[in-house]
Amino acid sequence: MKTRNALILTCTLMVATATSASAPVSAAPGPETPAGNSAGPGVGFDAVVPAPVSAVPTPGVRYRITHKTALYSDAPEVGTQFATRLRRSTGYPIPIVGKPPRDGISLRLTGGVPGGDEAYRLEVTARGIEVRANRPAGLFNGVQTLRQLLPYAADSDTVRPGPWTVPGGRITDSPRYPYRAAMLDVARHFFPVAAVKRYIDQIAFYKINHLHLHLSDDQGWRIAIDSWPRLATYGGSTAVGGDPGGHFTKADYREIVAYAGARNITIVPEIDLPGHTNAALASYAELNCDGVAPPLYTGIEVGFSSLCTSKEITYTFVDQVLGEIAALTPGPYLHIGGDEAKSTEPADYRAFMARAQASVAGHGKTVVGWHEIVQAETPPTAVAQYWGTTQNDDAVANAGRKVIMSPASRSYLDMKYNPQTRLGLTWAGLIEVKDAYDWDPGAYLTGLPAEQVLGVEAPLWSETLRTSDDIEFMAFPRLPAIAELGWSPYRTHDWDAFKRRLAAQGPRWKTMGVDYYRSTQIPWPAGS
Ligand code: TNX
């Protein structure tokens, strides 16, 4: 069988340069650790990912979280999450109090922080820690930074000895782009709610603020649709390789949306149209031009399926499905795929996409589509997601539409790191950490005006992935690289600095049980 691997063979072999581990460091910061700005190795102001806009340590100053430390928050959800986390690892009570404490942590919506809803200011003095923001999203982001200033053990699920020291200083921070996303393909293999929540926790730590869920494909339909129930019950019954299928009930989906929302993440649901639809075509014979339902599909070939663009029932189907998804989704975007419609004639593709986009608008949402969508007429608000392997695509660059940058040869988390990587594909090349990091989304696509870039996304396709361990191994450490491209000002872009900051994440992932790829490009601390 021809697979994607055979489709694009230009795969540059990156030779991973072995970097010797830096000075041995211990994961147990304490008074013996070097004095100055750091509460311990890898937890200083110079170890935060994504790099903040400005971080100024106060030499010699530190705050210590103790059994007396209390927490105040103007955003109850953000405060509760952080206090819960601290209680688990420190064993301290960390009471939530009604006004900013004298000795403690204050998360305050004071306004006046430059940089918008997601911006924050963080100040650590000997007396306490204060995060200020305009909106809860900013406080959430500030807390993620604060977590990286704490000793590694602070993210443990069990009580650890401490001490719980935070280096003194001030951080002022806000994002480069409003859209910073990860994508999870739950169609090729299904991942249950718990696995999606686990990934949400992991990506939120790096200030990712959108999770694109690829909910339907040839191999499976993963969301219950009341008006077309067989999509989920039959179309969702299998997966790649004959592995078990599954689908989200509407209650499951709402649970994911709420969980994500509490972590500053907007869900972007994708129903891939008009290709990548075998699961739907298998579920309902009337969606096929010949009226015959094909069998369910468990291979990884692409481009063979298409909805029947000449049948009116197809548009009823599309409108009802998108209507139900829109009703479940508080975020502004509906992703309608549009990629690799190799079995749809170009004219039919354009006509179909025009109507599908009208449906999206009719349900009050903004269209996102893979970049092929620019071949159809799009409303001015439509967003194209670039997934090409080159830096040249005039049709996308000149479309006058916002673009999400997810170039496959840089940001596809399902590409292997090296020829030996046990998971993943290679059609877009091998992607080592440096390849994932070392590009500029604002200047990557030739001719695309910088202001047209809405942000970045790191898609994770799941043809070869079955478990959370698999997800984590492919996403870490590349996801934080893409997250940094989305958040940090480009003037902070520096591979040598990044790899040191990234190295400091290793012990955190180890503490959290995240199964990451120990790239030889990164000087991981000993023992991580
Ligand atoms: C391309 S990128 C696809 C997916 C595959 C992926 C595998 C895009 C829009 N389509 O259907 O899962 O490659 O890497």
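A few points about this structure:
- Scope the stretch 74-100; condition within 26 Å of the chain's Cα centre (by Cα) and either open to solvent by less than 80 Å² (accessible area, probe 1.4 Å) or on the phi > 0 side of the Ramachandran plot (or both); matching residues: A75, V78, G79, T80, Q81, F82, A83, T84, R85, L86, S89
Condition check ((1) away from the ligand (no atom under 16 Å from the Cβ); (2) charged (D, E, K, R); (3) over 18 Å from the mean Cα position of the chain (by Cα)) across all residues:
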| residue | (1), (2), (3) |
| --- | --- |
| A354 | yes, no, yes |
| A358 | yes, no, yes |
| G364 | yes, no, yes |
| E372 | no, yes, yes |
| A376 | no, no, yes |
| S411 | no, no, no |
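- Members of the stretch 249-272 found to be assigned to a strand (DSSP E or B) and open to solvent by less than 30 Å² (accessible area, probe 1.4 Å), listed by number: I267, V268, P269, E270, I271, D272
- Selection within the stretch 45-70 - out of contact with any strand residue (DSSP E or B) (no Cβ under 9 Å at 6 or more places or on another chain) and outside any loop (DSSP other than H, G, I, E, B): A47
- Selected residue (only one of T266, T378 is assigned by TED's automatic domain parsing to the domain that holds T464, in contact with a His (Cβ under 7 Å, 6 or more places away or on another chain) and in contact (Cβ under 8 Å) with a residue 12 or more places away in the chain): T266
- Out of R160, R230, R188, R222, one residue alone is in the same structural domain as F82 (by TED's automatic domain parsing), at pLDDT 95 or above and on the phi < 0 side of the Ramachandran plot. It is R160.
- Of all residues in the stretch 446-492, those that are part of a loop (DSSP other than H, G, I, E, B) and either open to solvent by 10 Å² or more (accessible area, probe 1.4 Å) or in contact with a Ser or Thr (Cβ under 9 Å, 6 or more places away or on another chain) (or both) total 11.
- A341 being modelled with pLDDT under 95 and of a type in the set (G, A, S): yes
- Filtered residues of the stretch 156-190 (kept if open to solvent by less than 10 Å² (accessible area, probe 1.4 Å) and more than 19 Å from the chain's Cα centre (by Cα)): S156, W164, T165, V166, P167, G168, G169, I171, D173
- P441 vs. criteria within 25 Å of Y517 (Cα to Cα) and more than 16 Å from the ligand (Cβ to nearest atom): yes
- When each of V321, V302 is tested for being closer than 30 Å to G388 by Cα, more than 16 Å from the ligand (Cβ to nearest atom) and of a type in the set (A, V, I, L, M), the lone residue that passes is V321.
- Residue within the stretch 112-122 that is hydrophobic (A, V, I, L, M, F, W, C) and touching a Lys or Arg at 6+ places or on another chain (Cβ under 8 Å) present: yes
- Subset of the stretch 444-483 that is among the aromatic types (F, W, Y) and under 15 Å from the mean Cα position of the chain (by Cα) - its residue that is farthest from the ligand (Cβ to nearest atom): F476
- Among the residues here, A399 qualifies as away from the ligand (no atom under 16 Å from the Cβ) and buried (at least 18 other Cβ atoms within 10 Å of the Cβ).
- For the residues L109, L122, L139, L150, the requirement of being surrounded by 22 or more Cβ atoms within 10 Å (Cβ to Cβ), at pLDDT 95 or above and over 16 Å from Y63 (Cβ atoms) singles out L139.
- Sole exception among (1) within 16 Å of the ligand (Cβ to nearest atom); (2) closer than 16 Å to D185 by Cβ; (3) not in a loop (DSSP other than H, G, I, E, B) for A280, by number: (2)
- Residue check for G429: farther than 30 Å from A153 by Cα, part of a loop (DSSP other than H, G, I, E, B) and within 16 Å of the ligand (Cβ to nearest atom): yes
- Residue under evaluation Y437, criteria (1) farther than 24 Å from R508 by Cβ; (2) under 18 Å from the mean Cα position of the chain (by Cα), criterion not met: (1)
- Checked against (1) more than 16 Å from the ligand (Cβ to nearest atom); (2) surrounded by 23 or more Cβ atoms within 10 Å (Cβ to Cβ); (3) in a loop (DSSP other than H, G, I, E, B), Y517 passes all but condition (2).
- Those residues of the stretch 249-272 which are more than 24 Å from Y297 (Cα to Cα) and within 16 Å of the ligand (Cβ to nearest atom), in sequence order: V268
- Unique residue being within 15 Å of the ligand (Cβ to nearest atom) and not in a helix (DSSP H, G or I) when the list is G275, G246: G275
- The set of residues from the stretch 332-345 being touching a strand residue (DSSP E or B) at 6+ places or on another chain (Cβ under 9 Å) and surrounded by 18 or more Cβ atoms within 10 Å (Cβ to Cβ) comprises Y333, L334, H335, I336, G337, G338, D339, E340, A341.
- Inter-residue pairs, beta-carbon under 7 Å, first over 19 Å from W228 (Cβ atoms) and among the polar types (S, T, N, Q) and in the stretch 293-317, second part of a loop (DSSP other than H, G, I, E, B) and modelled with pLDDT of 95 or more, 6+ apart: T298/Q219; T298/A239; S310/C289
The values are calculated or read from the model by the stated rules, or taken from the named source; none is laboratory data. None of these values were measured; they are calculated from a predicted model. Positions of Cβ are generated from backbone atoms using ideal geometry, with glycine treated the same way; all protein chains shown enter the neighbour counts. Just so you know, the surface numbers come from the protein's heavy atoms only, side chains and all, with ligands and any DNA or RNA stripped out. Shrake-Rupley method; radii C 1.70, N 1.55, O 1.52, S 1.80 Å.
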